[in-house]
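If you scroll down you'll find the structure; I have some questions about it.
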Amino acid sequence: MSTPVLQVKDLKRDYHTGGGLFRPARIVHAVKGVNFTLDKGRTLAVVGESGCGKSTLARMITLIDEPTSGDILIDGQAVDARHVTREMRQKVQIVFQNPYGSLNPRQKIGDVLAEPLLLNTDMPKSERQDRARAMLAKVGLAPEHFNRYPHMFSGGQRQRIAIARALMLNPSFLVLDEPVSALDLSVQAQILNLLKDLQDEFGLTYVFISHDLSVVRYIADEVMVMYYGDVVEHDSRDAVFGNPQHSYTRSLFAATPRSDVESIKARLARKAALAI
Ligand code: ADP
Ligand code: MG
């Protein structure tokens, strides 16, 4: 048995809010004790309604936010939340719903991709640029995109750029927090296929956060369902979709129209055929 890429043990995060003149102090238990183990090359989907703690969990496992308690092990190594090393930070990358917010409008895409290498390695400039060009091709962008600025790209292309940047330092795992939620359906399918292709080629490990069950069904190997900060169900995709155990999971499914990416594609094909 190889070491799991990510182990999370009884992870908790409280937020202290209010405490002003008109807002009484309150503790929000955003994540209440999450446990899981994720092996290399797998995709764990985290699902649940808005506010259930998905992004809080994402920020903790990408070492952006410190847990209130609990343990995180990456490649078998325990993370010391108060003293996160640069090596540890390089192992985890995150892609957000809106990549535009994290792209510097005055930075060319080639420099966006080469920057992690500039900051974290002593690679010479020519090699950094070669690697950036190679990654651009891997995510399905063209060589001439290298010298363009973020505003010149569509939403789907920007998400390709965000994925490319996240992969530049060869991370142990990638957290994708609602990565296709802001995109048109046809573009969603393209990005999901890209993620699958990259996973096959490089053996990537994903934590894929989404409120959209049709997307989850397409991409996930295993599914973890969160409800008010708790994990109420965690099993293989087929088990969770085929035979949901928890009443919350069943109600979540009942609220979702039955569609998956294949049917989205079929619908688009029918629309395109009608338009001719
Ligand atoms: P999700 O991503 O599933 O929508 P979040 O992790 O963003 O959920 O939020 C979980 C809970 O924690 C919510 O009740 C939210 O209001 C609260 N929360 C998240 N971030 C903060 C914060 N920085 N300060 C206070 N409360 C927060
Ligand atoms: Mg969120």
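What's the total number of residues in the range 30-71 that are at pLDDT 95 or above and either closer than 23 Å to SER236 by Cβ or touching a Pro at 6+ places or on another chain (Cβ under 9 Å) (or both)?
Qualifying residue count for the region: 23.
Test THR37 against the stated conditions and say whether it is within 18 Å of the chain's Cα centre (by Cα) and closer than 18 Å to LEU204 by Cα.
yes
Check off (1) surrounded by 21 or more Cβ atoms within 10 Å (Cβ to Cβ); (2) within 14 Å of ligand 2 (Cβ to nearest atom) for VAL34 and give me the number that stays unchecked.
(2)
Does the range 59-92 hold any residues that are surrounded by fewer than 20 Cβ atoms within 10 Å (Cβ to Cβ), part of a helix (DSSP H, G or I) and within 16 Å of ligand 1 (Cβ to nearest atom), and which are they?
Within the range 59-92, ARG59 is the sole residue that qualifies.
Can you confirm whether the range 110-129 contains a residue that is more than 27 Å from SER50 (Cβ to Cβ), touching a Phe, Trp or Tyr at 6+ places or on another chain (Cβ under 6 Å) and either more than 16 Å from ligand 1 (Cβ to nearest atom) or assigned to a loop (DSSP other than H, G, I, E, B) (or both)?
The initial filter retains those residues of the range 110-129 that are more than 27 Å from SER50 (Cβ to Cβ), namely 110-129.
If we keep only those that are touching a Phe, Trp or Tyr at 6+ places or on another chain (Cβ under 6 Å) too, we end up with 110.
From the residues that got through so far, the ones that are either more than 16 Å from ligand 1 (Cβ to nearest atom) or assigned to a loop (DSSP other than H, G, I, E, B) (or both) too are 110.
Yes.
Scan the range 156-197 for residues that are of a type in the set (S, T, N, Q) and assigned to a loop (DSSP other than H, G, I, E, B) and jot them down. Show your work before the answer.
Pass one, the range 156-197, residues of a type in the set (S, T, N, Q): 157, 159, 170, 172, 181, 186, 188, 190, 193.
Scanning the range 156-197 gives ASN170, SER172, SER181.
What are the residues in the range 222-241 that are of a type outside the set (Gly, Ala, Ser) and at positive phi, if any?
Once the filter is applied, which keeps residues that are of a type outside the set (Gly, Ala, Ser) and at positive phi, the range 222-241 yields only TYR228.
In this structure, does ILE74 turn out to be over 28 Å from ARG217 (Cβ atoms) and in contact with a Lys or Arg (Cβ under 9 Å, 6 or more places away or on another chain)?
Spelling it out, it is not the case that ILE74 is over 28 Å from ARG217 (Cβ atoms) and in contact with a Lys or Arg (Cβ under 9 Å, 6 or more places away or on another chain).
Taking the range 202-247 on its own, how many of its residues are assigned to a helix (DSSP H, G or I), in contact (Cβ under 8 Å) with a residue 12 or more places away in the chain and of a type outside the set (Phe, Trp, Tyr)?
To start, the set of residues in the range 202-247 that are assigned to a helix (DSSP H, G or I) comprises 202, 213-219, 237-242, 247.
Restricting the remaining residues to those that are in contact (Cβ under 8 Å) with a residue 12 or more places away in the chain gives 202, 213-219, 237, 240-241.
Next, only the ones that are of a type outside the set (Phe, Trp, Tyr) stay: 213-217, 219, 237, 240.
The number of residues fulfilling the criteria is 8.
Being away from ligand 2 (no atom under 13 Å from the Cβ), assigned to a loop (DSSP other than H, G, I, E, B), under 24 Å from PHE173 (Cα atoms) and of a type in the set (D, E, K, R), is that true of even one residue in the range 41-58?
Yes, because at least one residue in the range 41-58 is away from ligand 2 (no atom under 13 Å from the Cβ), assigned to a loop (DSSP other than H, G, I, E, B), under 24 Å from PHE173 (Cα atoms) and of a type in the set (D, E, K, R).
Oh, and also: Name the one entry in ASP80, ASP65, ASP75 that is among the acidic types (Asp, Glu) and within 16 Å of ligand 2 (Cβ to nearest atom). Don't jump to the end; show me each part of the working.
Details: ASP80 fails: within 16 Å of ligand 2 (Cβ to nearest atom); ASP75 fails: within 16 Å of ligand 2 (Cβ to nearest atom).
After applying the criteria, what remains is ASP65.
The values are calculated or read from the model by the stated rules, or taken from the named source; none is laboratory data. If you're wondering where the values come from, they're calculated on a predicted model, not measured in any experiment. Quick reminder, even Gly has a Cβ in these numbers, built from the backbone with ideal geometry, and neighbours come from all protein chains shown.
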